[in-house]
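What follows is a set of notes on a single structure, which appears directly below.
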Amino acid sequence: MLKSLRRAPLGLVSLMLFSCGAGMAREPSAEPWPQISKEQLALKDNPAEPGASAMILYREVADDDVKGFGTNVYCIKVFTEKGKEYADIEIPYIPKALELEDIRARVLQPDGKVEDFNGQIYDKTSLKFKKRRLQVKAFTLPNVQVGSVIEYSYTARWRWKEPDVLKHPADYIFKEQWTIPAVSWDIQEDLFTRRARFSLRPLPNAPVGWTIRAFPNSPRPQQMLPDLRYVLEVENVPAYREEEFMPPEDATRSRIHFYYGVGGLPSSEGYWSSIARVRTEDIERFLDKRKAMENEVRSIISPGDSDLGKLQKIYARAQQVRFLSFEYEKTDKERKKENIHENKNVEDVLKHNYANANEANLLFIGLARAAGFSAWPVAVSDRANTLFDREYPNAGQLNALVVGVHVGSKDLFLDPATLFCPFGLLPWGENGTKGISLGGTSTLFAATAGPQSSEAIVRREVKAQLDKDGNVDGTIHVVFSGQEALIRRLGAYQTDEAGRKKELEDEVKGWLPMGATVALTSSPEWEKAAETLEAQFSLKVPNVVTRAGHRRVLPLTICQGGAKYPFESSQRIHPVYFSYPYQEIDQVTLQLPGGYEVESVPEGRKVNAAFATYNTSYQKKAETVEFERRMAMEGIWFRTEYYSSLRAFYRSVRSGDEDQIVLKTQEVAAKK
């Protein structure tokens with residue numbers, strides 16, 4: 001199903017709604033279908049993307065903010081059996097935010113026959129989170145064949161009231177520069193688009209601006225008379241392709257975001273300065289309980305503590321509060337029964353001993369300031385979801401908050417409001433990202449420190465025995481450090497002990513060769529803000545040996561036995577984007593069975609790239625052989641022109657992981 005997400009204004013906030021549209025000033029009840037030519041109906045393939053299952057012949061999107069409705073039209077040509085899947089149509093919407101109506105659909109058969117859809121349309125929940133839910137209108141078009149053209153359209157009406165500040169701007173004195181999000185157009189769909197037309201009839205009382213994202217050499221929307229509608233027509237838009245290790249969709253799918261300026265279209269710096277000023281004022285009011293903070297600090301720190309020691313104790317105190325934001329399953333009724341009230345300031349956080357969202361970070365700031373430190377909040381983009389674009393005046397990009405604190409000659413960035421996050425570490429989406437400083441510095445724009453591979457390590461130590469039948473039996477001790485530990489702790493938080501055990505065992509089993517069995521023998525400390533997460537397993541790996549006469553050949557890269565190596569494709573569309581730099585360290589000690597000895601081991605590998613290293617070493621002894629493997633990836637972002645170098649590195653890693661040792665029986669040795 002092809003989906004287009006939009007933002008539409010509702011008062012002074014933006015709601016996530018879905019893109020709608022269908023032609024210039026066409027009313028929803030008008031005939032929606034465009035003319036399909038004989039040439040289009042006769043198409044057997046897409047010349048621009050040969051072998052594609054389908055393509056969009058025509059797409060039309062029109063939004064009307066004056067009347068509060070929009071329509072979508074899709075015309076999809078089916079080329080293959082797989083393309084028939086587009087007959088299953090889902091139109092997403094958010095209840096109480098918009099209403100879908102006037103849904104129409106039909107099929108043009110290859111012989112030109114038209115079959116209108118008169119079947120059942122179902123309403124079902126697609127996604128539910130807390131009070132919010134995403135619904136879809138779903139239906140299936142019958143009799144779709146290879147060569148058919150699928151057409152459907154719908155109208156959406158969004159519920160909002162034009163803000164008075166836009167209706168009567170002269171009545172307001174503008175001290176701030178800010179915007180109200182309007183519609184967004186997804187220019188790029190999951191199918192190749194031969195031709196598309198977008199239009200927006202804007203509100204007449206506010207200046208309109210737009211930002212073009214991930215759409216190089218895009219034509220600019222043109223404003224047309226008589227209703228000052230913005231129109232954009234495009235042709236031959238490539239399909240949006242997902243690739244492994246790519247940046248967030250928000251930064252890679254071609255989009256145009258419209259917005260209304262309040263009191264004029266703001267400059268980039270003017271807009272973000274206004275956002276910083278307003279947010280700082282709100283935060284400072286929440287922090288304005290100096291005496292309560294000083295009293296608490298006296299019970300936390302000691303006079304002999306170093307500055308770093310003081311901060312660590314304050315950090316630990318901030319993490320002692322109950323993190324309500326991580327209790328996803330709690331209902332409003334359950335919270336009301338517990339008599340949970342809103343925290344109006346940091347003193348309330350201490351009294352109630354619970355925190356919502358970023359209140360634990362604000363508590364940390366209040367305590368740190370009371371202890372004499374310079375500490376301030378920094379609003380950033382969580383790069384797991386989006387990349388900050390200062391030219392796009394939408395504060396919704398700033399979806400995370402971290403704390404900056406000055407210690408000695410440097411600034412630290414911390415996030416005690418993230419459950420189980422140890423001191424000195426930021427969740428990876430907040431590490432190496434950008435945003436704005438909310439007081440505390442003279443610089444408006446801010447960036448957190450870049451991540452290091454030493455902050456994300458998986459260390460595996462295998463001690464095992466090989467029997468004469470070629471089976472391995474032993475133990476594996478695993479230590480996850482930094483990001484690797486935090487990610488697994490957060491992922492396991494809402495899971496019971498049995499579920500946690502299964503997830504860990506499945507993960508370790510996935511590292512090993514086919515047929516391996518794994519059992520957790522020592523459970524980690526899950527609910528602890530520690531740097532590491534450790535676990536012990538027993539393991540059995542059958543048939544690791546290949547027989548070659550009286551010799552036995554086997555790999556010692558046991559923990560890469562199930563590895564799936566990335567970047568097999570020689571072509572790349574998007575930049576390569578790793579979540580964070582990382583290290584893998586493997587140490588294997590293999591006890592040989594009686595009657596066997598090591599005949600030869602590989603020389604080992606040393607691969608040193610500008611962005612990564614890979615090293616292996618082997619050591620043979622009388623009855624054992626030892627192996628060590630170290631890999632470190634230092635980069636997180638690689639433009640497409642560097643893809644071949646990155647791919648070559650991973651091919652070298654794969655080659656090294658396939659190295660094998662050769663064993664011989666004592667009978668063979670005696671014959672020599």
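The values are calculated or read from the model by the stated rules, or taken from the named source; none is laboratory data. Because the structure is a prediction, the values reported are computed rather than measured. Note that we place each Cβ from the backbone using ideal geometry, even for glycine, and neighbour counts take in every protein chain shown.
Taking the numbered list (1) under 24 Å from Ala395 (Cα atoms); (2) not basic (Lys, Arg); (3) not assigned by TED's automatic domain parsing to the domain that holds Asn399 in turn, Thr193 passes all entries but (1). If you go through segment 97-118 and keep only what is over 21 Å from Ala54 (Cβ atoms) and surrounded by 10 or more Cβ atoms within 10 Å (Cβ to Cβ), you end up with Ala97, Leu98, Glu99, Leu100, Glu101, Asp102. The condition (being farther than 16 Å from Gly70 by Cβ and in contact with a Lys or Arg (Cβ under 7 Å, 6 or more places away or on another chain)) is satisfied by just one residue among Asn236, Asn217: Asn236. Among the residues in segment 125-140, are any surrounded by 21 or more Cβ atoms within 10 Å (Cβ to Cβ) and touching a helix residue (DSSP H, G or I) at 6+ places or on another chain (Cβ under 8 Å)? Within segment 125-140, not a single residue is surrounded by 21 or more Cβ atoms within 10 Å (Cβ to Cβ) and touching a helix residue (DSSP H, G or I) at 6+ places or on another chain (Cβ under 8 Å). Counting just the residues of segment 71-94 that are more than 17 Å from Tyr152 (Cα to Cα) and hydrophobic (A, V, I, L, M, F, W, C), which one comes out farthest from the chain's Cα centre (by Cα)? Per the criteria, the residue is Phe79. Residues in segment 458-489 that are on the phi > 0 side of the Ramachandran plot and buried (at least 22 other Cβ atoms within 10 Å of the Cβ): Gly482 only. Just one residue in the set Gly429, Gly404 is outside any loop (DSSP other than H, G, I, E, B), closer than 13 Å to Arg383 by Cα and at pLDDT 95 or above; that residue is Gly429. Any residue at all in segment 291-307 that is crowded, with 19+ Cβ neighbours inside 10 Å and within 24 Å of Asn399 (Cα to Cα)? So far as segment 291-307 goes, no, none of its residues is crowded, with 19+ Cβ neighbours inside 10 Å and within 24 Å of Asn399 (Cα to Cα).
Candidates Pro247, Pro202, Pro221, Pro207: the one that is under 29 Å from the mean Cα position of the chain (by Cα) and not small (Gly, Ala, Ser) is Pro247.
Among the conditions (1) of a type in the set (A, V, I, L, M, F, W, C); (2) surrounded by fewer than 13 Cβ atoms within 10 Å (Cβ to Cβ); (3) closer than 26 Å to Pro575 by Cα, Ala622 misses just one, which is (3). Criterion first (more than 28 Å from the chain's Cα centre (by Cα), under 14 Å from Asn394 (Cα atoms) and assigned to a helix (DSSP H, G or I)) does Gly270 satisfy it? Taking the combined requirement at face value, the residue satisfies it.
Scanning for something surrounded by fewer than 19 Cβ atoms within 10 Å (Cβ to Cβ), assigned to a helix (DSSP H, G or I) and among the acidic types (Asp, Glu), does segment 492-502 turn up at least one residue? Yes - at least one qualifying residue is present in segment 492-502. In the set Asn205, Asn118, only one residue is in the same structural domain as Gln223 (by TED's automatic domain parsing), out of contact with any helix residue (DSSP H, G or I) (no Cβ under 8 Å at 6 or more places or on another chain) and free of Cβ contacts under 8 Å to residues at least 60 places away in the same chain; that residue is Asn118. Only a single item in (1) surrounded by fewer than 20 Cβ atoms within 10 Å (Cβ to Cβ); (2) among the hydroxyl-bearing types (Ser, Thr, Tyr); (3) modelled with pLDDT of 90 or more is not met by Tyr172, and it is number (3).
Against the condition in contact with a helix residue (DSSP H, G or I) (Cβ under 8 Å, 6 or more places away or on another chain), in the same structural domain as Tyr565 (by TED's automatic domain parsing) and within 22 Å of Tyr328 (Cα to Cα), how does Arg500 come out, does it pass? Yes, satisfied.
Within segment 438-457, the set of residues being assigned to a strand (DSSP E or B) and either without any contact (Cβ under 8 Å) to a residue 24 or more places away in the chain or surrounded by fewer than 21 Cβ atoms within 10 Å (Cβ to Cβ) (or both) comprises Phe445, Ala447, Ile457. Being under 25 Å from Gln483 (Cα atoms) and part of a strand (DSSP E or B) holds for only one residue in Ala379, Ala360, and it is Ala379. Looking across Gly147, Gly68, one residue alone is more than 32 Å from the chain's Cα centre (by Cα) and either assigned by TED's automatic domain parsing to the domain that holds Pro204 or polar (S, T, N, Q) (or both). It is Gly147. Of all residues in segment 113-130 being farther than 15 Å from Pro142 by Cβ and not acidic (Asp, Glu), which is modelled with the highest pLDDT? It comes out as Lys124. Between a residue in segment 464-478 that is not assigned by TED's automatic domain parsing to the domain that holds Gln587 and any residue that is modelled with pLDDT under 95 and surrounded by fewer than 17 Cβ atoms within 10 Å (Cβ to Cβ), which pairs come within a Cβ distance under 8 Å, given they are 6 or more apart or on different chains? Within 8 Å, no pair qualifies. Taken together, Val114, Val73 contain a single residue that is of a type in the set (Val, Ile, Thr) and closer than 22 Å to Val146 by Cβ, which is Val114.
Looking across Tyr230, Tyr240, one residue alone is touching a residue at least 12 places away in the same chain (Cβ under 8 Å), touching a Pro at 6+ places or on another chain (Cβ under 6 Å) and farther than 14 Å from Pro393 by Cα. It is Tyr230. Consider segment 55-92 and keep the residues that are charged (D, E, K, R) and part of a strand (DSSP E or B). The one that is surrounded by the fewest Cβ atoms within 10 Å (Cβ to Cβ) is Asp88.
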